[in-house]
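Written out below as structure tokens is the structure these notes cover.
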Amino acid sequence: MVMPAVHLHSVSMVTLYDLPTKTTPGTTMTWRARYALNLKDLPYQAVDVELPDAEAFAKKIGAAPASTKPDGVSPFYTIPIIQDDSTGTVGSDSAAVAAYLEKTYPFSGPITIKINDATAAYCMRVRMDGVAKVDAAEGEEREKLWAKAKDNLGKMNKWFEGNEGDLVMGPNKPSYADTASCAFLQSTRTMLREESEEWKDVASWNDGRWGTYLESFKPYEKLL
Ligand SMILES: N[C@@H](CCC(=O)N[C@@H](CS)C(=O)NCC(=O)O)C(=O)O
């Protein structure tokens, strides 16, 4: 991401380009950026971009591709993108966005889910074809996958062991590792539905770690 100098006299306005959805906006990836902005308590506006329009839109505003497509060559243009009028920066890739915000604003305070029709149809047709299993597993297979998920979160739980407080890196200050972890948990909660037995189960694993952890990120879930 190109980082021009900060113009201190200009009014800071950051725009987050996010994916629209029918319920909670965004995805795991875009929530990383949204959590980072909310944690920094930066003024910003959120603008929806439909997934099928992501590439054309990124090119139009000059956002570089975040990576390459599976062929290893073709550029992969993705959402989230942020645009910061105070520095003239336009950038994509949630990790790079977090790094940019940290560098530029060091002083402040960082599923499939039900998505809009155009975005949902595009996901199914273009992105998931032959790659993802769309039907939910049943019976024994479901139980095995559920146990695996529990096991994997158990591994993640080790990041917290011996820590003072309930965050990955330290007692009081959430870090990028927390935004990425909570973005994942947030998408999981949205996908399962908060009131479901499944989410209650996940939330209770590791002595209730995941429910409590995500709850602690509620202040950063504000939608603009
Ligand atoms: N490495 C990127 C990945 C972001 C990503 O994969 N975004 C998806 C939406 S969740 C996307 O824009 N995909 C574009 C497409 O499928 O055409 C990041 O961390 O921001």
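Of note:
- Residue tally, condition within 9 Å of the ligand (Cβ to nearest atom) and not in a loop (DSSP other than H, G, I, E, B), over segment 50-93: 9
- Unique match (being of a type in the set (Ser, Thr, Tyr) and under 14 Å from the mean Cα position of the chain (by Cα)) among 213, 176: 176
- Among the conditions (1) within 21 Å of residue 173 (Cα to Cα); (2) within 15 Å of the ligand (Cβ to nearest atom), residue 39 misses just one, which is (2).
- Scan of segment 190-207 for residues that are assigned to a helix (DSSP H, G or I) and modelled with pLDDT of 90 or more, ordered by number: 197, 198, 199, 200, 201, 202, 203, 204, 205, 206, 207
- Among the residues here, residue 96 does not qualify as away from the ligand (no atom under 11 Å from the Cβ), under 21 Å from residue 221 (Cα atoms) and not assigned by the TED database to the domain that holds residue 189.
- For segment 208-224, a residue qualifies if it is in a helix (DSSP H, G or I) and touching a helix residue (DSSP H, G or I) at 6+ places or on another chain (Cβ under 9 Å), and the qualifying residues are 209, 210, 211, 212, 213, 214, 215, 219, 220.
- Taking the conditions (1) in contact with a Ser or Thr (Cβ under 9 Å, 6 or more places away or on another chain); (2) more than 28 Å from residue 37 (Cβ to Cβ) in turn, residue 210 satisfies each one other than (2).
The values are calculated or read from the model by the stated rules, or taken from the named source; none is laboratory data. If you're wondering where the values come from, they're calculated on a predicted model, not measured in any experiment. FYI the Cβ positions are ideal-geometry reconstructions off the backbone, even for glycines, and counts take in every protein chain you see.
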